[in-house]
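Let me begin by presenting the structure, written as structure tokens, before commenting on it.
The values are calculated or read from the model by the stated rules, or taken from the named source; none is laboratory data. The model shown is predicted, which means the values in this text are computed figures rather than measured ones. Neighbour counts run over all protein chains shown; Cβ positions are idealised from the backbone, glycine included.
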């Protein structure tokens, strides 16, 4: 009888792609490449108004801040960078901000030659979708809607800025601040201005910027849900948690800032009560996600500094341009606490149970975020001994949450401190999403076994 040769079947290829080409790494490669290109362009002599090349730490700090839509700077954006340099920064903001909105809908699904079912599941979970189809169409709609918002924003802000600048300058200012505002980047190029102090009394301009900030930070999935369902009772649990928590945080920030800064001549000067209330509302919303301000936060009270550290850490919404651990993450943690206080064995909110795997994910993201912020803050107290811990903590949170609010720490950083901030901005922008993507496959696969339960002593 003839001997039969066994057939060897290869199990590699598309079925088991290398971990170096999974979704989190694709994101990493894309943003590192963008930062490298931006840093090199900003280091060129014609990118600045000074003579010679820009120091590498300044160039790459600015590139990282722009790509991660943070807004922290080592130099004044208006005076240091030339028109070419400002255009590079604006391009990095545009790609970094809009890129993250489209990353969740398009970039991750083209990592291979075909869109596999696991990849669609990752996308579905990342984007809070209930179905696997329609991702490409949704991407197209998000991009088109963003372009429409940009056009409307440029027209409106041009109408306001034409009163201050010649037509070409007004158009450039309107374009720059529309893109920076919608992407929650916090970069400004207003002359002789501390952030937006140049237009501190222009309520229409600030109000429209606030609209852009909200649209950019609330997340497209929430906007779509509002558009199609109209009624709060019909919204998804995610939308209910995001809207409720956002409103509560905005009200809390407004009340605390108004009370803490009401008689502070260094922040709220002798303006009317109505103007102080508007400024408190503006900073409560912008200070949590975008980093725009009309006051010097370095002169704010310790209460305001501490509160906004917490608000920045929470940040905006998933699939938005805002950073932080995200509002939904914070809302889930609050739901855990409230459910535990009421004696519930499961996490509940608005008549729905939140899966335990998502509860664990929310706690993981928050704990790791706190650990990163405090570790970097402690290291910075050693590298920057002349700065107070509270201000270092505030600015570190601002970098990690890709917010951009500043108390004057960034421009005083040493090269080591600036490098640590580059790391904080990068990990703050990519970390939460990459962690979610890394944990999602394990949720889809399920667990093969369970250990025996045993109680521990708590409290």
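Numbers below:
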{"read-out": "Any hit, segment 341-355, residues being assigned to a helix (DSSP H, G or I) and surrounded by fewer than 21 Cβ atoms within 10 Å (Cβ to Cβ)", "value": "yes"}
{"read-out": "Matching helices (runs of 4 or more DSSP H) fully within segment 160-269 where at least 3 residues are farther than 30 Å from residue 78 by Cβ, at pLDDT below 95 and under 20 Å from the mean Cα position of the chain (by Cα)", "value": "220-229, 237-261"}
{"read-out": "Residues located in segment 40-76, provided they are closer than 21 Å to residue 193 by Cα, under 20 Å from the mean Cα position of the chain (by Cα) and outside any loop (DSSP other than H, G, I, E, B)", "value": "62, 65, 66"}
{"read-out": "When residues of segment 356-375 are limited to those that are farther than 16 Å from residue 335 by Cα and touching a residue at least 60 places away in the same chain (Cβ under 8 Å), the one surrounded by the fewest Cβ atoms within 10 Å (Cβ to Cβ)", "value": "368"}
{"read-out": "Filter result for residue 310 (crowded, with 23+ Cβ neighbours inside 10 Å and within 19 Å of residue 214 (Cα to Cα))", "value": "no"}
{"read-out": "Members of segment 77-87 found to be in contact with a strand residue (DSSP E or B) (Cβ under 8 Å, 6 or more places away or on another chain) and not in a loop (DSSP other than H, G, I, E, B), listed by number", "value": "80, 81, 85"}
{"read-out": "Which listed residue is touching a helix residue (DSSP H, G or I) at 6+ places or on another chain (Cβ under 6 Å) and under 23 Å from residue 397 (Cβ atoms), from 362, 371", "value": "362"}
{"read-out": "Members of segment 180-207 that are surrounded by fewer than 24 Cβ atoms within 10 Å (Cβ to Cβ) and within 21 Å of residue 220 (Cα to Cα)", "value": "207"}
{"read-out": "Candidate set from segment 405-423 (those that are within 25 Å of residue 183 (Cα to Cα) and in a helix (DSSP H, G or I)); member that is farthest from the chain's Cα centre (by Cα)", "value": "411"}
{"read-out": "Test set (1) surrounded by fewer than 18 Cβ atoms within 10 Å (Cβ to Cβ); (2) in contact (Cβ under 8 Å) with a residue 40 or more places away in the chain; (3) more than 24 Å from residue 188 (Cα to Cα) - residue 221 fails condition number", "value": "(1)"}
{"read-out": "Output for segment 321-352, where each listed residue is farther than 30 Å from residue 66 by Cβ, under 27 Å from the mean Cα position of the chain (by Cα) and touching a residue at least 40 places away in the same chain (Cβ under 8 Å)", "value": "332, 334, 335, 349, 350"}
{"read-out": "Hits in segment 386-404 (condition: assigned to a helix (DSSP H, G or I) and without any contact (Cβ under 8 Å) to a residue 60 or more places away in the chain)", "value": "389, 392, 396"}
